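Enquirer: Pasting a structure below so you can have a look.
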Amino acid sequence: ASTHFSLEENVDPILIGSYVYFPFTRGEFTGVRELSLTATTETYDAVEITEHVPAYIPNNIIEITGTTSEDVIALLSNKVNTDGTNQRNELCIYKYFWSNNQKVLSSWSKFNFTGEIRGMQFIESTLYMVMVNNNQTHLVEMPMEAGLTDDEGFNTHLDMRVKVAVTQNQINIPLPWKASTTDKVEVWTKDGAYLESTPTDLGAFALTLSQRISEDGYVWVGIPYTMKYKFSEQIFKAPAGKGSSPSDFTKLMLRNLALFYNNTAAFKVKVAPKFRPETTAEFTSTVIGASEIGSLDLDSGAFRTSLFTKAEDTSIIIESDSALPCSFQSAEFEAFTHPRSNRYNS
């Protein structure tokens with residue numbers, strides 16, 4: 001044996017490109033290693049790709065799959081919660097990107113679903129899953145293709161989304177799956193307009209619109225969900241030798257946030273400092289008196305909002321509960337620094 005690493009025995013390692021990925025148990029959580037052959041020494045080494053999130057992935061991983069088409073890996077856990085439920089409705093996603101033999105992107109995220117995942121497999125850029133929801137078994141697909149849009153140039157983001165053909169003056173929308181009493185099913189037109197609707201009966205297969213369809217075409221029907229992104233704590237780094245390192249002798253006060261977005265309709269920025277009430281700043285691309293009815297105006301630019309809080313013990317979250325698209329490129333923080341002492345190199 002050339003190497004010896006701990007691994008999770010309930011799931012087989014997967015080969016993606018020239019790397020082998022396998023999970024291992026770390027107490028109540030799971031780590032993942034990336035096994036490769038070192039070109040210079042021709043020895044095998046397994047680098048941990050979860051070292052920056054050691055307490056993020058739950059233990060008891062039962063399935064792992066990935067694709068080289070989009071450089072994505074998905075993991076499924078069967079961990080039992082304290083209330084007796086399991087975490088088979090949660091999918092851990094690893095997104096990475098290599099550039100000139102250097103990994104420039106290594107990010108983890110989670111998707112939470114309304115049903116339980118019983119099996120999953122990538123086919124090219126699409127993740128196919130067998131899910132059980134409301135005592136029904138569904139075969140669902142999750143496209144991971146970058147830049148994928150509908151024919152209108154944007155996506156309507158809904159869970160369990162289906163395309164339903166409609167005719168003029170129609171007020172009843174049939175559903176191909178059964179909704180539960182807690183599901184808030186929404187109807188959106190292809191132009192990005194929201195249509196008010198109510199279930200014909202609790203748990204029924206149809207919705208009744210509060211207004212009639214204006215013309216023949218189709219609508220998107222599904223369950224809305226909330227997208228959240230939480231910023232890491234902003235840290236001031238003082239010069240140290242030829243580089244820099246965090247300094248605890250400088251007070252950092254955040255002043256403003258500039259968020260750069262692209263082809264976006266709406267989102268919220270929530271700031272929750274410790275011992276202070278939460279504040280919310282909202283953005284919408286709709287301009288009263290300028291936007292045209294029956295069309296969706298997606299905007300690109302920078303959204304600036306005030307923070308005026310300490311960097312520590314402050315939660316800054318981008319949130320979107322709308323089915324309309326939102327996309328972000330980067331963010332800039334404007335801050336005050338108050339050094340209490342100076343650092344000198346010995």
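The values are calculated or read from the model by the stated rules, or taken from the named source; none is laboratory data. No experiment lies behind these values; they were computed from the predicted model shown. Note that we place each Cβ from the backbone using ideal geometry, even for glycine, and neighbour counts take in every protein chain shown. Note: accessible area is taken over every heavy atom of the protein model, side chains too, but ligands, DNA and RNA are not part of it. Shrake-Rupley method; radii C 1.70, N 1.55, O 1.52, S 1.80 Å.
Enquirer: Take the residues in region 89-105 that are touching a Ser or Thr at 6+ places or on another chain (Cβ under 9 Å) and open to solvent by 40 Å² or more (accessible area, probe 1.4 Å); name whichever of them is nearest to Asp159 (Cα to Cα).
Expert: Here the answer is Asn89.
Enquirer: Would you check which residues across region 255-279 are under 17 Å from Lys310 (Cα atoms) and modelled with pLDDT of 90 or more and list them? Break it down stepwise before answering.
Expert: Just the residues of region 255-279 that are under 17 Å from Lys310 (Cα atoms), to begin with: 255-258, 269-279.
Passing the criteria: Arg255, Asn256, Leu257, Ala258, Val269, Lys270, Val271, Ala272, Pro273, Pro277, Glu278, Thr279.
Enquirer: OK, next. Hey, could you check region 70-88 for residues that are surrounded by 15 or more Cβ atoms within 10 Å (Cβ to Cβ) and outside any loop (DSSP other than H, G, I, E, B) and say which is modelled with the lowest pLDDT? Break it down into steps so the answer makes sense when it comes.
Expert: The first filter runs over region 70-88 and keeps only residues surrounded by 15 or more Cβ atoms within 10 Å (Cβ to Cβ), leaving 70-79, 86-88.
From the residues that got through so far, the ones that are outside any loop (DSSP other than H, G, I, E, B) too are 72-77, 86.
Details: Val72: 95, Ile73: 96, Ala74: 96, Leu75: 95, Leu76: 95, Ser77: 93, Asn86: 82.
Here the residue is Asn86.
Enquirer: Step by step: first the residues of region 5-46, then only those that are open to solvent by less than 30 Å² (accessible area, probe 1.4 Å) and outside any strand (DSSP E or B), then the one that is modelled with the highest pLDDT. Which residue is that?
Expert: Filtering region 5-46 for residues that are open to solvent by less than 30 Å² (accessible area, probe 1.4 Å) and outside any strand (DSSP E or B), the one modelled with the highest pLDDT comes out as Val11.
Enquirer: Pick from region 203-232 the residues that are within 20 Å of Thr181 (Cβ to Cβ) and open to solvent by 90 Å² or more (accessible area, probe 1.4 Å): which of them is modelled with the highest pLDDT?
Expert: For region 203-232, the residue satisfying everything is Tyr225.
Enquirer: Among strands (runs of 3 or more DSSP E) lying entirely in region 136-181, which contain 2 or more residues that are surrounded by 13 or more Cβ atoms within 10 Å (Cβ to Cβ), of a type in the set (Phe, Trp, Tyr) and modelled with pLDDT under 90?
Expert: Details: elements: 136-143, 159-166, 172-174.
Qualifying strands (runs of 3 or more DSSP E): none found.
Enquirer: Let me ask something additional. I need the full set of residues from region 73-103 which are farther than 24 Å from Arg118 by Cβ and touching a Lys or Arg at 6+ places or on another chain (Cβ under 8 Å), in order please.
Expert: Correct list: Tyr96, Phe97.
Enquirer: May I ask you to verify whether Thr189 is at pLDDT 85 or above, among the β-branched types (Val, Ile, Thr) and surrounded by 16 or more Cβ atoms within 10 Å (Cβ to Cβ)?
Expert: On the way: at pLDDT 85 or above: yes; among the β-branched types (Val, Ile, Thr): yes; surrounded by 16 or more Cβ atoms within 10 Å (Cβ to Cβ): yes.
Yes.
Enquirer: Additional query: Regarding region 66-78, can at least one residue be identified that is of a type in the set (D, E, K, R) and without any contact (Cβ under 8 Å) to a residue 24 or more places away in the chain? Break it down stepwise before answering.
Expert: First pass over region 66-78, keeping only residues of a type in the set (D, E, K, R): 70-71.
Restricting the remaining residues to those that are without any contact (Cβ under 8 Å) to a residue 24 or more places away in the chain gives none.
No, region 66-78 contains no residue that is of a type in the set (D, E, K, R) and without any contact (Cβ under 8 Å) to a residue 24 or more places away in the chain.
Enquirer: Would you mind telling me which numbered condition in (1) open to solvent by 70 Å² or more (accessible area, probe 1.4 Å); (2) closer than 30 Å to Asp183 by Cα; (3) of a type in the set (D, E, K, R) Lys110 fails?
Expert: For Lys110, the failing item is (1).
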